[in-house]
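Working notes, structure below.
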Amino acid sequence: METEEAAMAHATAHSVGVVQMTDEQASAMLDRAARKYMGISGAEFTRRVESGEWQDRGYDEVEGLAEVWAYYLPNQD
């Protein structure tokens, strides 16, 4: 059985368009990215963004921030 990431990669490689995800799937993807690139959970990443912790810092000043930011943005309403 394919993982969600493998399914997303397959869909992206073989089609052009938007892949629909549930809120739960998007949150899980954010969590995996935050853990991989920053060593924190997706919930902790969200808390830090919303508290303004990185507001005045460039993406390259915080290790992993640029990589995880792209996963965070689609989760916002």
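The values are calculated or read from the model by the stated rules, or taken from the named source; none is laboratory data. Since the structure is predicted, the reported quantities are computational estimates derived from the model, not experimental observations. Note: ideal-geometry Cβ built from the backbone for every residue, glycine included; neighbour counts use all protein chains shown. Just the protein is used for accessible areas: all its heavy atoms, side chains included, with ligands, DNA and RNA removed. Shrake-Rupley method; radii C 1.70, N 1.55, O 1.52, S 1.80 Å.
Output wanted: per-residue J couplings in Hz (rounded whole) for the range 53-63, from phi through Karplus 6.51 cos²θ - 1.76 cosθ + 1.60, θ = phi - 60°, x for Gly and Pro.
3, 10, 4, 9, 10, x, 4, 7, 7, 10, 4
Using packing as a proxy for protection, rank 43-51, 29-37 so that the peptide with the highest average count of other Cβ atoms within 10 Å comes first.
Going by the mean number of other Cβ atoms within 10 Å, highest first, we get 29-37, 43-51.
What's the carbon and sulfur percent of the range 20-77's accessible surface, probe 1.4 angstrom, rounded to a whole number?
Its accessible area is 44 percent carbon and sulfur atoms.
Label-point separation (nm) for R48 and V18, each offset 7 Å from Cα along Cα-to-Cβ?
Spacing of the two 7 Å Cα→Cβ label points: 3.0 nm.
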